[in-house]
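Presented below is the structure to which this report refers.
The values are calculated or read from the model by the stated rules, or taken from the named source; none is laboratory data. A quick note: this is a predicted structure, and the numbers were derived from the prediction, not measured. With ideal geometry, Cβ positions are generated from the backbone for all residues, glycine too; neighbour counts draw on all protein chains shown. The accessibility values were calculated without ligands, DNA or RNA, using every heavy atom of the protein model including side chains. Shrake-Rupley method; radii C 1.70, N 1.55, O 1.52, S 1.80 Å.
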Amino acid sequence: MKKALPAQTIVLCFLLATGLVVLQPAPAQAPAPDSSAIEAKAHDMLAKLTLEQKIELIGGVDEMFTHAEPSIGLPRFKMSDASVGVRTWGPTTAYAGGVALAATWDPDFARSLGQSLGHDARARNVNFLLGPGVNISRSPVAGRNFEYLSEDPFLNATVVVPYIEGVQSQGVIATVKHYAANNQEYSRHDTDSIVDERTLREIYLPAFEAAVTKAHVDAVMDSYNQLNGVHATQDDFLNLKVLKGDWGFQGILMSDWDATYDGVAAANNGLDLEMPSPRFMNAKALLPAVQSGAVKESTIDDKVLRLLRTELRYGFTDRPQFDGSSTYSVADRAVALQGALESLTLLKNEGHTLPLDASRIKTIAIIGPGAWPAVPGGGGSSNATAFQPVSIVAGIADLVGPNVRVLYTRGLPEMSDVFWNSKWDGDVKAEVFPSKDFSGAPQASTQPKIADYQNVWWGAPDKTPRTVRYTASFKAANAGKYLLLAAASGGDKYTVSVDGKQLLEQTQAEGQVPLSATLDLSEGQAVTVVADYRPAFSGVRLGLGLMSEADLVAPEVKQYASKADVVIAAVGFNDATESEGADRTFTLPYGQDALIEAALAANPHVIVTLTAGGAVDTNRWLDKVPVLLDTWYPGQEGGTAVAQVLFGKHNPEGRLPVSFDRNWADNPSHQFYYPEKGADTPLEVDEPGHPPVTLTIGHVKYGDKLMVGYRYWTTTGKHPLFPFGFGLSYTTFKFSNIKAPAMAASGSTVPVSFDVTNTGKVAGAEVAELYVSDPSAKIDRPERELKGFEKVRLNPGETKHVTLNLDARAFSYWDENAHKWTIDPGKFKIRVGDSSENTPLSADLNLK
Ligand code: BGC
């Protein structure tokens, strides 16, 4: 029987055939293992340094470089973000990385991605890639989930190992981050994650552990947060006990950018390199500390040796980092396309609406902000500017060709238009209070709109704290749904209430995240809107609008939809609305629910594509649309991949790397996600040469413990909207013939084999997922846990025999009393299937 070619081969053959690909030069040598010569050279270099020079080497310079020391022939070395593209600085190839990589469930693709990122880095003289990010997706609103991987430690660990090996094989150091328990973006500098050791070891640490012990990653980045009351950058448990002790990490432990808070504590507790500059681990703090014995000189020596040894091993001092490959890499476009094709996840396909048949379509309407321009990635330090990102509009138009009419409209106004076009009932009252808390006698004035969200200054620098209260009336012309929309600059705080009920609140965000709510108003209903605005610094940067959804959605949406054979509604987030530095909303950005409803009112064939780092609220429209295709952040070739999947040129093969919640409140972390109210504590930070500052630390108790994602859903017997591991295909698969030993010795490797058959009519890929349950454990364990998987490509009628080997860890839990991985001999159940909830095969196993 003919074997299905892997997607990568097909794509590459196509690009080679069309002349789009010029093969890359052979990959650079992987770094040679430690040799005594390198060790001797590192010690020799160290011996020539004064204590001052050594201290200089453990702090970064110029934002993205290590410190040079010409006297020992040490140049500075360059760093660059990160997981989805090498962005230093300027255009690059933007890949489907992060959550999209996890959605591929394909370790081989992870390796190709790592290799591509590695040579992209070499082409830009980059020595350290500041990725991958492997933090667990604990809740859907966390602002950087798109950049991380999944909710499952085994999936994260399995894809991150080949990714890191791929990067490092090119002579570039990978940096696994953010270590550890950094699972939200709100107040990311001021939170303390309170996590018990078992939860850490079983959920939040395994991807880091695999990066260190299996992939031999050469750099690790500590996170911003505290863990159990101690900043990660000075955490003895994380850095010395676990990372350098239990896992034997020999590489460089660097801080996140400005995540260091105490030079002596950081020096003594494992931090090797303070980035981006030595604000704390500097001569002012460390010279007296070494003299007094508070920090041993050997501790500083160890850090310098780790840097030197690693840099020497990569040959950074002996060869140019630039390897002659191109910065615009056509070959990498194939990798970017492969990632997108493998990650697109089909969640609903009622009545076999997909694949579409281009020959039967005359007009296609494409609507929504996600369709153009392209949305390759989310926002923040991972954001990579692609040379030529392909939008969904361009991807579809290119695929269907000139005989199909393509109609596109964004369908929604820009945010500023909502603020400017809101029709308040009369003027808005603005009261400026000479205080931080709306006390004192305000200066009142009136204005027609609240549209100051861009910087508007109060004139000359003004040290007086001020707060502003806006009061506006609104009268609904018609009965229906109305959008309340607000946005302010990052750092600003505000609340918005309607008739006394608070509907919006921005407490802290580094970026500008618009917040919205939907009001149901009756005809003629009048409401009073009050916004209490606390600017972070002098000036007003608030926008606030209220508009009926009927006015919001452009008339072209219905016009185009009614003329079209099919409508593609491209909704979701982008690099402004889902970004590092702030959490995102669970609801879609403003107006997008209304947009889908408007299209549906004109045409029932509405196919929704969703760009997001995880689950979103689909409640208003999911029952009414035939198709939902989750595109994650698909990188620069996303539009091409979406078109290929919609029109059946590629059979969708992505699987959910996160459970897809129906509501944010259903998520197991929901009640534990924010800091305990009233329990904040002050922390004085003493930066040498600066007056002390006091931080307010919020304490976030991870009360959901092991119950993250599908572990919660399968243990409680409740169901999310779509389960972890789920994804549809244009073909069907059957699992059969499971074979596992009935009995095995505890600690031995247990082989489990089974068959997967393509029972449908087209070639496709299935992900066989293996879950282990431990019903006779002495302690409570999650009902099932992913411990093996394999992506299987099959032609119609083809069967593949799969064997997954389960090692001791697959049956173990972390015993908090014994402080070690432990297996309770007894009964285990092994389940195999295509999602955490659909496991048609099972086998019983007894471990002796
Ligand atoms: C981010 C890191 C990033 C660093 C350098 C920080 O703000 O948290 O992930 O690598 O900046 O850009």
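The calculated pair-distance distribution of the range 627-668 uses every alpha carbon pair, bins of 5 angstrom beginning at 0, and gives 5, 18, 24, 21, 14, 9, 8, 2 percent. Maximal additional length on extending the Lys677-Asp427 stretch stands at 86.3 nm, based on 0.36 nm per residue less the C-alpha distance. So which of Lys677/Lys718; Lys177/Lys778; Lys348/Lys791; Lys761/Lys800 end up more than 27 Å apart, counting from Cα to Cα? The pairs that break the limit, which is 27 Å between Cα atoms, are Lys677/Lys718; Lys177/Lys778. Residues whose amide H falls under 5 Å from that of Ala219, counting only those 5 or more places apart or on a different chain, are Ala174, Val176, Ile252, with hydrogens built in the peptide plane. Net charge dipole, the range 198-307: roughly 120 debye, given to the nearest 20, about the Cα centre with Cβ charges of +1 for Lys and Arg and -1 for Asp and Glu. In a fully extended conformation the segment linking Arg809 and Lys778 would gain 9.5 nm over its present Cα-Cα distance, using 0.36 nm per residue.
Think of the chain as having a plus end and a minus end, set by charges on the Cβ of Lys, Arg, Asp and Glu; of Thr199, Pro434, Ala211, Ala211 sits farthest toward the positive end of this dipole. With a 1.4 Å probe and every protein chain left in place, work out the accessible area per residue of the range 701-809 in Å², rounded to a whole number. Roughly 40 Å² per residue, with all protein chains present. Taking other residues whose beta carbon is less than 9 angstrom from the beta carbon of Thr66, and scoring Lys, Arg as +1 and Asp, Glu as -1, yields +1.
Roll a 1.4 angstrom probe over the protein heavy atoms and tell me the percent of accessible area of the chain that is carbon or sulfur.
52 percent
Near the amide H of Ala374, within less than 5 Å, lie the amide hydrogens of Ser391, all on another chain or at least 5 residues away, with H placed in the peptide plane. Distances between placed amide hydrogens fall under 5 Å for Phe722 paired with Phe660, all partners being 5 or more residues away or on another chain. Two tests apply to each whole DSSP H helix in the chain, Cα reach of 30 Å or more along its axis and mean Kyte-Doolittle hydropathy of at least -0.5, and none passes both.
Per-residue ellipticity at 222 nm computed for the chain from its helices equals -6500 deg cm²/dmol, with DSSP H segments shorter than 4 residues left out and the rest contributing -39,500 (n - 2.57). Volume per residue of the convex hull around the Cα atoms, evaluated for the chain, comes out as 173 Å³. Evaluating 6.51 cos²θ - 1.76 cosθ + 1.60 at θ = phi - 60° for every residue in the range 246-253, the Karplus couplings come out as 4, 9, x, 5, 9, x, 9, 9 Hz, glycine and proline recorded as x. Per-residue 3J(HN,Hα) values for the range 614-628, derived from phi via the Karplus relation 6.51 cos²θ - 1.76 cosθ + 1.60 with θ = phi - 60°, read x, 5, 9, 6, 10, 4, 6, 9, 4, 4, 9, 9, x, 9, 10 Hz in sequence order (x marks Gly and Pro). Relative contact order, percent, of the range 692-848 when contacts are C-alpha pairs under 8 Å separated by at least 6 residues? Relative contact order, the range 692-848: 27 percent. Projected label points at Ser326 and Lys820, each 7 Å from Cα along the beta carbon direction, are separated by 5.6 nanometres. Applying D = kT/(6 pi eta Rh) to the range 569-654, where Rh is the Kirkwood radius over alpha-carbon pairs, T corresponds to 37 °C and eta to 0.692 mPa s, the Stokes-Einstein value obtained is 238 µm²/s. Along the range 74-80 the Karplus relation, 6.51 cos²θ - 1.76 cosθ + 1.60 evaluated at θ = phi - 60°, assigns HN-Hα couplings of 10, x, 7, 10, 9, 10, 7 Hz to successive residues, with x for each Gly and Pro.
In plain terms, if you count all Cα to Cα distances in the range 723-809 and split them into 10 Å steps from zero, the share in each step is 15, 42, 29, 13, 2 percent. With kT/(6 pi eta Rh) evaluated at 4 °C and eta = 1.567 mPa s, and Rh the Kirkwood radius from Cα pairs, the range 153-257 diffuses with a coefficient of 94 µm²/s according to Stokes-Einstein.
Output the relative contact order of the chain, whole-number percent, from Cα pairs under 8 angstrom with separation of 6+ residues. The partial results should precede the final answer.
Values: 2198 pairs, mean separation 120.7, N = 848.
After rounding, I find 14 percent.
Counted residue by residue at 0.36 nm each, then reduced by the alpha carbon distance between them, the extension gain from Ser842 to Val61 reaches 275.6 nm. Put simply, when 756-762, 219-225 are sorted by average Cβ atoms within 10 angstrom per residue, most first, you get 219-225, 756-762. With a bin width of 10 angstrom, please list the P(r) values of the range 387-438 as percents of all Cα-Cα pairs, from the 0 bin to the one holding the largest distance. Computed distribution, short to long bins: 16, 23, 22, 14, 15, 9, 2. Within the shell of other residues whose beta carbon sits under 10 angstrom from the beta carbon of Ser548, the net charge comes to 0, with Lys and Arg scored +1 and Asp and Glu -1. Within the chain, DSSP assigns beta bridges of which about 70% are antiparallel (rounded to the nearest 5).
Protection proxy ranking, highest mean first, for peptides 826-833, 649-656, 563-570: 649-656, 563-570, 826-833, where packing is the per-residue count of other beta-carbon atoms within 10 Å, averaged. Sites listed here are GluC sites (Glu not before Pro) in the range 521-574 whose DSSP assignment is loop and whose Cβ has at most 16 other Cβ atoms within 10 Å: Glu523. Summarising the label geometry, the points placed 7 Å from Cα in the beta-carbon direction at Thr446 and Ala526 lie 1.4 nm from one another. Computed about the Cα centre, the dipole magnitude for the chain is approximately 1720 debye when only Lys and Arg (+1) and Asp and Glu (-1) carry charge, each at its Cβ. Inverting the pair-averaged 1/r between distinct Cα atoms of the range 551-593 gives 12.5 Å as its Kirkwood hydrodynamic radius. Here the range 267-314 and the range 545-604 have alpha carbon centers that stand 52 Å from each other. Highest mean first, the peptides 352-359, 196-203, 618-625 sorted by other C-beta atoms within 10 Å per residue fall in the order 196-203, 618-625, 352-359. D by Stokes-Einstein for the range 295-378, Kirkwood Rh over Cα pairs, 20 °C, 1.002 mPa s: 110 µm²/s.
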